[in-house]
Amino acid sequence: YLVKPVRLAELLARIEAVTRRATTPAAPAPRTVRAADVEVDLDARRVTVGGAEVRLTTKEFEVLAALALMDEVWGDAFLAVSRSLDVHLTQVRAKLGRPEVLTTIRGFGYRFGD
């Protein structure tokens, strides 16, 4: 449970902690997350859409990675932090060219993928 407003750094740290606890040494955490033809490589910090690399700023990548990890850990990535997040997501959607991959859930936040 996180109290609003959520700091992105705290959210990422908690996601990482949950992922560490939920994974056994034999089953490493997923390091590449996919939705449709959008692939987020968490280790290389690279995003590809339809096989073509999309350049994101550090903050844009972190926002996208947080949503992708939340989707991997909890299934649905609901997140509403601030208007800053809205601005970053708008920029990420435009750069990906696949706005349907980042869905707005009115009154709740955002979801990565289906």
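The numbers here are math on the coordinates, done by the rules we state, and not lab data. Everything quoted here is computed from the prediction, not taken from an experiment. Backbone-built Cβ (ideal geometry, glycine too); neighbour counts: all protein chains shown.
Some points to look at:
- Theoretical FRET efficiency, 1/(1+(r/R0)^6), r = Cβ-Cβ of VAL87 and THR48, R0 22 Å, to 0.05: 0.40
- Stretchable slack from ALA36 to LYS95, in nm (0.36 nm times residue separation minus alpha-carbon distance): 19.7 nm
- Peptide packing: for 102-113, 54-65, the average count of neighbouring Cβ atoms within 10 Å per residue gives the ranking 54-65, 102-113, highest mean first.
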